[in-house]
Amino acid sequence: MKAEHTRKLIVLAAIWVALLLAPYWMAPLGGYTALATRVLVLGLAAMSLNFLLGFTGVLSFGHAAYFGLGAYGAGLTLKFLALSTPLALVAGMLLGGLCGAILGLLIVRRRGVYFAMVTIAFGQVFYYIAFQWSSLTGGDDGLRGFSRQPIDLGAFKLDILSSANSFYYFVLFCFALAVGVMGFILRSPFGRTMIAIRENERRSRFLGIPVERHIWIAFTLSCFFMGFAGALYALVNNFADPRGLHYSQSGDFVMMAVMGGMRSFWGPLLGATVFVVLQDYLSSVTVNWMSFVGLLFVLVVLFFPRGLLGFFQRSKA
Amino acid sequence: MMTQLLLFNVTNGLIIGAFYVLMALGLSLILNLSNVINFAHGGFLVIGGYIAYTITPYIGFWGALLLAPPLTAIIGLAVERVLIRPLYGRDPLYSLLLTFGLAFMIEDGTRFIWGPQGKPVTIPAFLAQPLSNDLFFITGYRLFMVVVVMIAVALLFLLLRYTRLGVRIRAGTLDLETVAALGINVGMLRSLNFAVGIFLAGLSGVLAAGQLGLEPTMGTGLLMPSFIAIIVGGIGSLPGTLIGGLLIGVASGVTAVFFPAASEAVIYVMMAVILLTRPRGLFGEEGMMS
């Protein structure tokens, strides 16, 4: 038990050291800091989805919608309301989370494939809104004409706009904040209840747990995290894309979570790293990268259904 | 003029609805029996269309109409055997992800083989004529499509109602365990059921090719409305899927007259309203697929 605990601490320390030093070890390996920033943001999105998928056991296949809403929320705030990066982040998170809360009420009683289908279909609503409402959202071209703003810390200004490294550390700070809250929730009695529902819904119900309400809260929380990640993504690109709301983006997020390992807290981050780096590489070497990404889906499902972490843990045991 | 415009769009809606119905019935069959959401269904439609395009020069349009759907079904059968069969009994998440990846591969594959440009499929000249000058929008081909869809749907319901295979599929939808306990080969049943679903996708591919021309991405656009047709009609009910498909087709057609920008969004609004008032869809039954 003691050894297990130490091992966990070492792994945790290794993850954070790797993240903190990423701008320095990525460049020699052929990466670039902006890629690390993207990995971090998409990793946060995959972890947010996994909060619902892996820990509550509910399959949402439309989570890109809340990610995209976060992006548009942040972009629209910077473009029309206020030139403030923190405000944009809050606005994006609220937009994603609140829309998730409302739609969650409609779908929370469904399970399994039905839940998946309804989340896909409702996710597409936001895609069409972003696509059709060109006067506000820029339609097919996406939302342009905004950029992240330097952060005024009183004593000095953090220039996250032109310095890639400062921006990476800013994103890492936001990531740590979100992941910290997520970890805290999962350790709380509420988090334990989520896991209980995943393991045996019927028994949880017999124990008097209001299952629907818990699933709704988990869904809503995960949409808030998703909106936050989306808002960060808008800052990464200074751009919000309607395709970021599309169900194919949701599929990518589910894939990241599954590929890394759904049952583990950090698995989705690993999955996102592999996925983003692989996609970045494939799209630079072949026009048929879609086939390879599709093949990756098929191979992971057939041969690594428990994800990379699950695979390693099993082979060690 | 207004009535003609309305009539034009209602007809359009019915025709597009007929496509949704063919797609959605196939999806529904597979979903009900095997609990698999087949994301690659649009891909099989595209395969059907391109097969028709490839064989039309040799055996003509009528030959392609007869031959392309069964060929598509055979490809579907192979895919089911090799890729989907290992996933039965696992979390539906996995079959969803697998078919999702498969859809990518099919789209990219067709682009690789046949090129990214749209391809026309020649239809017999007499079908391309409008039926009358007043109703210029009803070409023979559109009428023909609706008739073919009607025949296909009727045959499907007859198959399910009266043949041994159909009875087993319906029984399996209700209680697969009991069906297996009665000594019926469930693996075979699922394969045949999958093939029937893909046959319908292939058929809609051939029909769509004649009307719209072919593009590697055409299946994706039809997939989501088919999902909604199933949800609106009620998961588990094939007649529900039929009504749902026609309903959303007509609804988006009518909306196109008054508020074109919302013609896609309206079907989602319909779905929301129906889920609010009838959580299981129009014909969904209590206890099915809850």
Fill in: Accessible carbon and sulfur surface of the range A:1-127 relative to its total accessible area, %, 1.4 Å
77 percent
Worksheet item: So how much accessible area does A:Glu199 have, in Å² to the nearest 10, using a 1.4 Å probe?
Response: 110 Å²
Worksheet item: Of B:Tyr162, A:Tyr233, which has the most accessible area with a 1.4 Å probe, and how do the rest follow in descending order?
Response: B:Tyr162, A:Tyr233
Worksheet, complete the sentence: For the range A:182-317, the accessible surface attributable to carbon and sulfur atoms (probe 1.4 angstrom, ligands and nucleic acids excluded) amounts in percent to 63 percent
Worksheet item: Of B:Glu215, A:Glu201, B:Glu177, which has the most accessible area with a 1.4 Å probe, and how do the rest follow in descending order?
Response: B:Glu177, B:Glu215, A:Glu201
Response to the item:
Dividing the helical contributions, -39500 (n - 2.57) per DSSP H run of n ≥ 4, by the residues of chain A yields a 222 nm value, nearest 500 deg cm²/dmol, of -24000 deg cm²/dmol
Item to complete: Could you work out which residue, out of A:Phe146, A:Phe297, A:Phe184, moves most in a Gaussian network model of chain A, that is, has the largest mean-square fluctuation with Cα springs under 10 Å?
Response: A:Phe184
Worksheet item: Probe 1.4 Å, all protein chains in place: accessible area of A:His5 in Å², nearest 10?
Response: 120 Å²
Discussion item. What does the C-alpha gyration tensor say about the overall shape of the protein assembly as shown? Classify as rounded when a/c is under 1.5, otherwise prolate if a/b is larger than b/c, or oblate.
Written reply: prolate
Response to the item:
Buried accessible surface, A vs B, both sides, probe 1.4 Å, in Å² to 100, equals 3800 Å²
Worksheet entry | Rounded accessible area per residue of chain A, 1.4 Å, Å² | 44 Å²
Discussion item. Just to make sure I understand: if all protein chains stay in place, what is the order of A:Leu221, B:Leu93 by accessible area at 1.4 Å, largest first?
Written reply: A:Leu221, B:Leu93
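The values are calculated or read from the model by the stated rules, or taken from the named source; none is laboratory data. The structure displayed is predicted, hence computed values, not measured ones. Areas reflect the complete protein model, heavy atoms only, side chains present, ligands, DNA and RNA absent. Shrake-Rupley method; radii C 1.70, N 1.55, O 1.52, S 1.80 Å.
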